[in-house]
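The values are calculated or read from the model by the stated rules, or taken from the named source; none is laboratory data. Because the structure is predicted, anything quoted here is derived from the model rather than measured. No Cβ is skipped: glycine too gets one built from the backbone with ideal geometry, and neighbour counts run over all protein chains shown.
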Amino acid sequence: MIERGDTLLAARGLTDAQDRLVTADEPLAELQLACGGDLPGVLAVPELLVLVRQARSMDLRIAREFAAHDGDDRITGFARVHPRGGEDGEGCELLVENWQRQPNALAGASEFAEQLDAIDRASAEASGRLDAAQRVQLVSAAAPDARELEAAISREPGRTWTDYVTLQDVAHRQPLHWRLLDGSHCTLPGSQRHWRVRLLPLGSVSTAPAGFEWLLVPEEPLSGIHSTQDSEDDAAAGHSRLIGSALTPVLRQPIARIIANAETIRSRLAGPLREEYTEYAGTIAAAGQHLSGMLDDLADLEVVETPGFSTAREKVDLADAARRAAGILGVRAQARGITLDLPEEDEGCQARAEFRRVLQILLNLIGNAIAYSPDNSRVTVRTHESRNGRVAISVADEGPGISEEQAARIFDKFERLGRDNDGGSGLGLYISQRLARAMDGELTVTSRESVDDGCGALFRLDLPTFPAR
């Protein structure tokens, strides 16, 4: 132990071939005991144990910062680990320099919970929205073995989510209180994997949530990459769906794990980390989310360009679809102080279309409006009754707008209008327009010069009315 006055400069210790701390200066010995270890005993300080194992297994000297927690205090220092050699390795010499003790400043419980929720969102392979009574409002299956669940909900919509899955180790009558079901495990129809359920409340949880974000997180990776049903569908259509049937299932799982692991590192859930490394992990997570979005866009592109692609013909309330899309994107808008001006609760506008596709278009339009609007501005969504058997819904923002030249090519494939750093693929509006036309509708944009208030852009989705006239 090296001291200067009342300041501790360094503490030494020795480990053996089984990574047990056999001797240690008093501060290091006290930290070993505080972390639940013994002396002698396996090194109980997590970051130091990792460094010792790396140095011994690779027979390399390692020098790195470390941190540990001792009660309400946080211990930091610079560790130097020197392997002592030998054919089987004889352990390491451990020197901790610049030993510092300071009050612990852990993240609050709410922040910690938000970080865990973000990890589960990144890992979920099926998700949806529930109302306050836990009835399914919408669902989207990203994994092929969750498609049967999606189909079952489409056949019998509006039931409690527990009616569509098989809960494990829960025998009580459903639905239970959402807090008792959050984190439960289940199996899905048509899936051999085990799934974990997350119910994330929407609105205030102090009384009763207004609804729930429903996440289904698989416990195992997908074993197969191309299901039999996919093969039969592709053969029947005479069209090869490389992205949606082959690449999407096999790529989605590792991308989700990359995002989840990066979020774990960024949020320091695995232990203390230097600030620059947390920023680097955040960059990795953002890149993973971009890749995931690109994968979704490419799969959708493949679908809409499949010969004979068609959509369902059902009754869709455009005002209700807009409110649901805004609910999904509400947190993103709130973070930038953007107000979403939506149709009133009692307002309805009936179209003949496919609800899932209409919602997909509105998520793209409202999401774009939020992305390209200034902070503290307004995004306005309105429904329009029109003659000749058509209805419409429009999305207007207060952003910089678009020129006539940009409006002429905004729906082109891979067109991003020179926005190279927004993380988009340039496919969202192209896919949205193809979906609109598949529903006998049309998606158009009004250029900046034509908008009544002289700023922003206005997108309008026209569809056949229901019932058809």
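Answer yes if at least one residue in the stretch 134-143 is in a loop (DSSP other than H, G, I, E, B), modelled with pLDDT under 80 and within 30 Å of ALA256 (Cβ to Cβ), and no otherwise. Before you say what the answer is, go through the steps one by one.
Let us first name the residues in the stretch 134-143 that are in a loop (DSSP other than H, G, I, E, B), namely 134, 142-143.
Next, from what is left, pick out any that are modelled with pLDDT under 80: 142-143.
Applying the additional criterion that residues be within 30 Å of ALA256 (Cβ to Cβ) yields 142-143.
Looking through the stretch 134-143, at least one residue is in a loop (DSSP other than H, G, I, E, B), modelled with pLDDT under 80 and within 30 Å of ALA256 (Cβ to Cβ).
State yes or no: is VAL303 part of a helix (DSSP H, G or I) and either surrounded by fewer than 15 Cβ atoms within 10 Å (Cβ to Cβ) or not small (Gly, Ala, Ser) (or both)?
Working: part of a helix (DSSP H, G or I): yes; either surrounded by fewer than 15 Cβ atoms within 10 Å (Cβ to Cβ) or not small (Gly, Ala, Ser) (or both): yes.
Judged against the criteria, VAL303 is a match.
Is there a residue being assigned by TED's automatic domain parsing to the domain that holds ALA118 and over 30 Å from HIS69 (Cβ atoms) anywhere in the stretch 270-288?
We begin by selecting, within the stretch 270-288, every residue assigned by TED's automatic domain parsing to the domain that holds ALA118; these are 270-288.
The next check asks that each one be over 30 Å from HIS69 (Cβ atoms); those that pass are 287.
Within the stretch 270-288, one or more residues are assigned by TED's automatic domain parsing to the domain that holds ALA118 and over 30 Å from HIS69 (Cβ atoms).
Filter the stretch 366-417 for residues that are surrounded by fewer than 19 Cβ atoms within 10 Å (Cβ to Cβ), acidic (Asp, Glu) and closer than 20 Å to LEU342 by Cβ and give the result.
ASP375, GLU385
Does the stretch 211-222 hold any residues that are of a type outside the set (D, E, K, R) and modelled with pLDDT under 80, and which are they? Break it down into steps so the answer makes sense when it comes.
Filtering the stretch 211-222 for residues of a type outside the set (D, E, K, R) gives 211-212, 214-218, 221-222.
Result: PRO221, LEU222.
Might you let me know whether the stretch 111-127 holds any residue that is part of a helix (DSSP H, G or I), of a type in the set (Ser, Thr, Tyr) and modelled with pLDDT under 90?
Step one: filter the stretch 111-127 for residues part of a helix (DSSP H, G or I), giving 111-123.
Now restrict to residues that are of a type in the set (Ser, Thr, Tyr): 123.
Retained after the next criterion (residues that are modelled with pLDDT under 90): 123.
Yes, that holds for at least one residue.
Please work out which one of (1) of a type outside the set (A, V, I, L, M, F, W, C); (2) without any contact (Cβ under 8 Å) to a residue 24 or more places away in the chain; (3) within 18 Å of LEU95 (Cβ to Cβ) is the condition GLU30 fails and give its number.
(2)
Could you check how many residues of the stretch 17-39 are surrounded by 16 or more Cβ atoms within 10 Å (Cβ to Cβ) and not in a helix (DSSP H, G or I)?
The first filter runs over the stretch 17-39 and keeps only residues surrounded by 16 or more Cβ atoms within 10 Å (Cβ to Cβ), leaving 19-21, 24-25, 27-29, 31-32, 34-35, 37, 39.
Subset that is not in a helix (DSSP H, G or I): 19-21, 24-25, 35, 37, 39.
So the answer is 8.
I need a count of the residues in the stretch 45-67 that are assigned to a loop (DSSP other than H, G, I, E, B) and farther than 17 Å from TRP99 by Cβ. Break it down into steps so the answer makes sense when it comes.
Of the residues in the stretch 45-67, the ones assigned to a loop (DSSP other than H, G, I, E, B) are 45, 59-61.
Still in the list and also farther than 17 Å from TRP99 by Cβ: 59-61.
Here the count works out to 3.
Here are some residues: THR278, THR264, THR283. Which one is free of Cβ contacts under 8 Å to residues at least 60 places away in the same chain, of a type in the set (Val, Ile, Thr), surrounded by 13 or more Cβ atoms within 10 Å (Cβ to Cβ) and part of a helix (DSSP H, G or I)? Reasoning before the result, please.
Working: THR264 fails: free of Cβ contacts under 8 Å to residues at least 60 places away in the same chain; THR283 fails: surrounded by 13 or more Cβ atoms within 10 Å (Cβ to Cβ).
Criteria check complete, one pass: THR278.
Can you pull out the residues in the stretch 301-343 that are among the acidic types (Asp, Glu) and over 18 Å from ASP131 (Cα atoms)?
Here is the first cut: in the stretch 301-343, the residues among the acidic types (Asp, Glu) are 302, 305, 314, 317, 320, 341.
Those that are among the acidic types (Asp, Glu) and over 18 Å from ASP131 (Cα atoms): GLU302, GLU305, GLU314, ASP341.
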